[in-house]
Amino acid sequence: MPSPDCTMSILRRGTGMQRTELAVLAFTADGAGLAVRLKRVLGEKCRVYLHSAHAARGMQEDGDVSAEDGITGFTDTGTVLEEHWTEAEAILFISAAGIAVRSSAPFLRGKALDPAVLCMDDTAGYVIPLLSGHLGGANEWAERIAAVFGAEPVITTSTDRHGVFAVDLYAKAHGFVIEDPSMIRKVSGALLAGERVGWCCDEGLTAIDPGTDALVPCRPLPAGIDAQGPERGDCPQSDCSRPGAGITLTQDSSLPPQFAQECRLYPRNIYLGIGCRRGKSAEQIGQVVREALEANGISMKRVCAIASIDVKKDEKGICELAGQLGAEFVTFSAQQLMETEGEFSRSGYVLEQVGADNVCERSAVRASGGELIFGKYARDGVTVAAAGRKI
């Protein structure tokens, strides 16, 4: 995570608001009481929305809570979801499952983008993860919420039910991002069918042991061998017939496919430092960022945070780009940047304008606590640098 001395943090959308961990929507009087009980347990990172017909009941559950404490009434479910769909970590409906499903449907974007969505009945008997059970953490939230009420979490994901290795859980637990989430189904399906699935980690990246014998270790294929060709059975490992489906961990986006059906994982540990002229759009900044990353063999999916100087904290283009990438946006004062140790390029003009002689390189290093991967890349009034954090 970014350095604790950052002066502000903008999450997901780049709006400046602190991220809500859990948004709770209750539709009945009994549900309102449960929502307020949950709020008392989870604290300030939980926001509660009580249907206007029952908001008074929820407030009466505890005379010490009010709208200022994150408990408010609502009449339109869509308005609440629009506010929290990209900003909240999880959304809990205390309602019938049908309400949760129909209300969420217009906002669905994909398993790698949607928040955890759960449903609990208003007698607190069952907590059901509906969306993003693994990547979004809905299964974990179900266990956590169920523990508060003594409810039963209803987990339906096949890998959990059958005790099979889940690549999306592994990725989330160890700081990796999945290049193509549709490949999760391919790999999980092969494992559930009892088929052999490969496990490949390229040089320069140390993978944490997946802890299962269901995965066959495979070395990276030599240059010139097509993983999807008929010769893929010749694995550069003795007595090993290369599986058709596999998981590849790599930092290099130019690495050729290692399996015919490959679920590729990248470490999400890239901190971008960005400086720009005032008024640059997210599209303009993003184009320069893509060029810089591609030139260095780095996938855009690896970006976990964007950093800059505090005078850019409201720069619309950077804020919007951070939201598009699902990346945190952190800013530092000129003094903090100048105190950052390292070898950086220097500009007297930039020093005169903002009080720091380099924004992109210094902010990337300051945010990551690591070292520069590439220095200042400049084009069309935008400067980009990248630093990495060890996973």
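So here's what we get for this one:
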item	result
Selection status of G70, on the phi > 0 side of the Ramachandran plot, surrounded by 17 or more Cβ atoms within 10 Å (Cβ to Cβ) and at pLDDT 50 or above	yes
Residue among V65, V24, V36 that is more than 28 Å from L325 (Cβ to Cβ) and either hydroxyl-bearing (S, T, Y) or at pLDDT 90 or above (or both)	V36
Subset of segment 282-302 [under 24 Å from L337 (Cα atoms) and either without any contact (Cβ under 8 Å) to a residue 40 or more places away in the chain or out of contact with any helix residue (DSSP H, G or I) (no Cβ under 9 Å at 6 or more places or on another chain) (or both)]	G286, V288, A292
Residues (modelled with pLDDT under 95 and either within 16 Å of the chain's Cα centre (by Cα) or closer than 24 Å to A334 by Cβ (or both)) located in segment 283-301	S299, M300, K301
When residues of segment 1-14 are limited to those that are surrounded by fewer than 16 Cβ atoms within 10 Å (Cβ to Cβ) and more than 17 Å from the chain's Cα centre (by Cα), the one modelled with the highest pLDDT	D5
Scope segment 116-131; condition over 23 Å from the mean Cα position of the chain (by Cα) and either part of a loop (DSSP other than H, G, I, E, B) or hydrophobic (A, V, I, L, M, F, W, C) (or both); matching residues	M120, D121, D122, T123, A124, G125, V127
Filter pass, L118 being closer than 29 Å to Y266 by Cα and at pLDDT 95 or above	yes
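For (1) among the acidic types (D, E); (2) within 17 Å of E21 (Cα to Cα); (3) part of a helix (DSSP H, G or I); (4) free of Cβ contacts under 8 Å to residues at least 60 places away in the same chain, each residue gets a yes or a no:
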{"site": "T72", "(1), (2), (3), (4)": "no, yes, no, yes"}
{"site": "L81", "(1), (2), (3), (4)": "no, yes, yes, yes"}
{"site": "I91", "(1), (2), (3), (4)": "no, yes, no, no"}
{"site": "A105", "(1), (2), (3), (4)": "no, no, yes, yes"}
{"site": "D114", "(1), (2), (3), (4)": "yes, yes, no, yes"}
{"site": "G133", "(1), (2), (3), (4)": "no, yes, no, yes"}
{"site": "G136", "(1), (2), (3), (4)": "no, yes, no, yes"}
{"site": "A142", "(1), (2), (3), (4)": "no, yes, yes, yes"}
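The values are calculated or read from the model by the stated rules, or taken from the named source; none is laboratory data. Because the structure is a prediction, the values reported are computed rather than measured. Cβ: placed from backbone, ideal geometry, glycine included. Neighbour counts: every protein chain shown.
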